[in-house]
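The values are calculated or read from the model by the stated rules, or taken from the named source; none is laboratory data. Since we're looking at a predicted model, the values are computed, not measured. Note: ideal-geometry Cβ built from the backbone for every residue, glycine included; neighbour counts use all protein chains shown. Heads up: the accessible areas ignore ligands, DNA and RNA and are worked out on the full protein's heavy atoms, side chains in. Shrake-Rupley method; radii C 1.70, N 1.55, O 1.52, S 1.80 Å.
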Amino acid sequence: MSSPPRDLPLTPTTLDAALRPDTWDAYVGQKQIKASVRIAIDAAKKRGSMPEHILFYGPPGVGKTTLAYLVAATLESPLKTTSGVAIERAGDLAAILTNLEPNTVLFIDEIHRLSHKIEELLYPALESGHLDIILGKGPSARTVELSLPPFTLVGATTRVADLSGPLRSRFGGGTYQLDFYDDDELRAIVRRSASLIGLTPPDEVINYVALRSRATPRIANALLKRVRDFSEVHERPLSIAVCDEACELFGIDRLGLTKDDRRYLTTLLESFRGGPAGIRALAASLHEDIDTIEHVYEPYLLRLGFIERTPQGRTITTKGRSYLGNSSPTASLV
């Protein structure tokens, strides 16, 4: 759970782990959620039991996985991680659950990818701590009940509506929605990450990166590393000018929008006269699948108020039109 030693070379994987907060104090933002989860954990520890199952949902990169790590660390419990897409068959789920150590935190990322059949197998495991396995077929089939060690399931999803109601109801420890971050929180995250990778950028650079991070810590850390790489390759200290050149190269503008985001807005404005445009027609024009449109492009554009989703389709707003008329990838906000 702890960060890798600083004297070891940092690969991309260990670097990401090093930037992950490993204490509640180091975790910036989501104050109400942190307080609620801590109460559930502390109460369970006082009772000498594991907390009830917890579900986190929200946009990608806002800290759901980190919260799962912190839950396990606070409980001093083993952490087992998997994903919904990796559990395809009943045997996969049985293998995971029956091999858990007592008092493990089981983290299932993208839990909405579980099939309904797997969800149904989970119900008794979450409620009464046993797993029902059917052996054989037809009249000779029989059900075997396997007892499971005590564990806490922490689920994470970007699409909570795709979980069935019965599964959502099993998360007695709480269902928590993580939101985007404000600029002050992002500045604190960028400053902490910069110190962890050996950088001492001026405040204006920290502010520059924070404002272009789409209100998302994962993007803030990624952009910080890309700007650092650009400055090191060109052997120039981090500055606003270096950040401008790097972001122009990467196609990232003053609001953190990429060329794909601008292509979405331009297509909506020019090909569909600003809308309304049906999602299927828009996806076909952009040569993208509908899921990418709905869950990659649109959430941040909606947050900025550049588009609207209406019963008739997507429309570009006055703010979106104004942005297209004035956008400049290198324009600075600092």
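Numerical summary
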| item | result |
| --- | --- |
| Probe 1.4 Å - accessible area at Arg226, Å² to nearest ten | 100 |
| Of Ile290, Leu257, Gly275, farthest towards positive along the dipole that unit charges on Lys, Arg, Asp, Glu beta carbons give the range 234-310 | Gly275 |
| Solvent accessible area, Å² - Ile290, 1.4 Å probe, full protein context | 50 |
| Label-point separation, His116 to Gln32 (7 Å along Cα→Cβ), nm | 3.3 |
| Cβ-placed point charges (K, R +1; D, E -1), dipole of the range 179-226 about Cα centre in debye, nearest 20 | 340 |
| Residue among Ile41, Asn221, Leu70 farthest towards the positive dipole end of the chain, charges placed on Cβ | Ile41 |
| Probe 1.4 Å, protein heavy atoms only - accessible area per residue of the range 142-258 in square angstrom | 44 |
| Theoretical gain in end-to-end length, Ile133 to Ala281 [0.36 nm per residue, Cα-Cα removed] | 48.8 nm |
| Flagged links, alpha-carbon separation over 32 Å, of Lys64/Lys259; Lys31/Lys80; Lys34/Lys319; Lys31/Lys319; Lys31/Lys225; Lys46/Lys117 | Lys34/Lys319; Lys46/Lys117 |
| Debye-sum result for the range 13-147 in log10 I(q)/I(0), which assumes one identical scatterer on each alpha carbon, at q = 0.11, 0.12, 0.20 Å⁻¹ | -0.47, -0.56, -1.33 |
| Structure-derived Kirkwood radius over Cα pairs in Å - corresponding label in [x] 20.5; [y] 21.0; [z] 22.3 | [z] |
| Prolate/oblate/rounded call for the range 61-119, Cα gyration tensor, a/c under 1.5 rounded | oblate |
| Solvent-accessible ranking of Val144, Val105, largest area first, probe 1.4 Å | Val144, Val105 |
| Kirkwood Rh (inverse of mean 1/r, distinct Cα pairs), the range 122-280, angstrom | 20.3 |
| Fraction of accessible area attributable to carbon and sulfur, the range 218-281 (%, probe 1.4 Å) | 51 |
| Ser239-Thr310 pseudo-label distance in nm [points 7 Å out on the Cα-to-Cβ vector] | 4.8 |
| Bridge type composition, the chain - antiparallel percent by DSSP, nearest 5 | 40 |
| Efficiency of FRET between Ile96 and Leu249 - r from beta-carbon atoms, R0 30 angstrom, step 0.05 | 0.10 |
| Per residue value of the accessible surface for the range 274-313 (all protein chains in place, 1.4 Å probe), Å² | 51 |
| Extreme residue, positive dipole direction of the chain, given options Ile189, Tyr300, Thr98 (C-beta unit charges) | Tyr300 |
| Additional length obtainable on full extension of the chain from Arg47 to Glu88, 0.36 nm per residue less Cα span | 11.2 nm |
| Residue-normalised accessible area of the range 27-123, expressed per residue, 1.4 Å probe, Å² | 45 |
| Additional length obtainable on full extension of the chain from Arg262 to His295, 0.36 nm per residue less Cα span | 10.3 nm |
| Dipole in debye (nearest 20) - the chain, about Cα centre, beta carbon charges: Lys, Arg +1; Asp, Glu -1 | 440 |
| Expected 222 nm ellipticity per residue - DSSP helices of 4 or more, -39500 (n - 2.57), all of the chain, to 500 | -13500 deg cm²/dmol |
| Largest-first ellipsoid semi-axes for the range 193-260, taking √(5λ) over the Cα gyration tensor eigenvalues, angstrom | 17, 14, 10 |
| P(r) weight above 21 Å for the range 121-213, C-alpha pairs, percent | 61 |
| Under the Debye formula (equal points on every Cα, no solvent term), log10 I(q)/I(0) of the range 217-324 at q = 0.17, 0.23 Å⁻¹ | -0.81, -1.17 |
